[in-house]
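Worksheet for the structure shown next.
Every read-out reported here was derived from the displayed coordinates using simple, explicitly stated rules and does not represent laboratory data. Computed from a predicted model, the values in this text were never measured in an experiment. Neighbour counts run over all protein chains shown; Cβ positions are idealised from the backbone, glycine included.
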Amino acid sequence: MIAVAEVTPAWYLVLGALLFTVGAVGLLVRRNPLVMFMCIELMLNAVTLTFVTFSRMLHDVHGQTVVVFVLVVAAAEVVVGLGIIVALLRKHPTATADDLNVLKG
Amino acid sequence: MVELFVVLVAGAICLGGALGVVLNRNPVHAALSLVATLFGIAVLFIAQEANFLAAVQIIVYAGAIVVLFLFVLMLLGVDQAEDLSIEPLGGQRVAAVIVGIGVLGLSLLALASTGGEATGARPLEAAANRVTEGVADIDQLGESLFTDYLFAFEVTSVLLVIAIVGAVVLSRKVRRAEYVDDPLEGDSA
């Protein structure tokens, strides 16, 4: 029989830390701009999970309010970021993160 | 017992999706792994009684943001598999893994040093933003959003308009022969 362990908030915090780490390493390693963007979204999700955990732990609803704002800002950021990527990749279809000089001009 | 099972399964889905994003060579597969992570996070929100946020997470993140990613991937045709064996900067992967382990170690150390709580704050006893047991989370969230954070809420609406305008400007195709005609020169095209 599995030992029934109590789920404390620390479990969620550890999971959030792991997700954030995976996102950070992915951002550093990948070269495709769109996949790098997805790793940023991973990090944002890890942070929202942490916020909700603290909100429940401290019985404070402000944690959840901040999550709403994080979602809105993430949406706006994705819209503008993908617009930039579209404009960039139209001119240079094979640009990766190594070609920093394509932003010139 | 149920919460243990839910947390373990949802956590596994989240981590599996996250590793899928980082390790998949095809960007479309990476986007689909991201959807798996977002669903796992939504389940974890529900496990922590943040039901409204779980719904909004699915609708906005998995239903709009990832779809936008897929649109751009298909539009630009950059869904060819990336060659992960090329490493332009020597030793970068090793450095990235070291940085990752450092970040993880720092977070876990901060968690462990406070005995699994990571914060010295204590639950508020009588405050306006205290979550009370009988009230639905969406009621309290709405009250907090429209009273304490009203100004920020209005500013985010402006932010969204700016983002829309920015996206339209950035992604339009500029025609080659786009001259600005001199208004003094009579008839313009």
Taking B:ILE13, B:ILE138, B:ILE59 and counting other C-beta atoms within 10 Å, the order from fewest to most = B:ILE59, B:ILE138, B:ILE13
In degrees, nearest 10, the alpha-carbon axis of helix A:9-29 is tilted away from the dominant principal axis of the alpha carbons of chain A by 10 degrees
Kindly put B:SER144, A:SER55, B:SER171 in sequence by how many other C-beta atoms sit within 10 Å of each C-beta, fewest to most.
-> B:SER171, B:SER144, A:SER55
For the pair B:ASN26 and B:LEU89, how long in nm is the line joining their label points, each one 7 Å along Cα→Cβ?
-> 3.0 nm
Expressed as a whole number of Å, what is the distance separating the alpha-carbon centroids of segment B:18-77 and segment A:43-105?
-> 12 Å
Contact order relative to length for chain A, counting C-alpha pairs under 8 Å separated by 6 or more residues, stands in percent at 25 percent
When each pair of different Cα atoms in segment A:51-91 is counted once in the 1/r mean, what is the Kirkwood radius in angstroms, to one decimal?
-> 11.9 Å
How far apart, in nm, are the 7 Å Cα→Cβ label points at B:LEU150 and B:ILE164?
-> 2.4 nm
Rounded to two decimals, the Rg over Rh value of chain A from Cα coordinates and the Kirkwood Rh reads 1.13
Based on the mean of other Cβ atoms within 10 Å per residue, sort peptides A:62-68, B:109-115, A:76-82, B:64-70 so the most packed one is first.
-> A:62-68, A:76-82, B:64-70, B:109-115
How big is the charge dipole of chain A about its Cα centre, in debye rounded to the nearest 20, if each Lys and Arg gets +1 on its Cβ and each Asp and Glu gets -1 on its Cβ?
-> 380 debye
Theoretical gain in end-to-end length, B:MET1 to B:LEU106 [0.36 nm per residue, Cα-Cα removed] = 34.8 nm
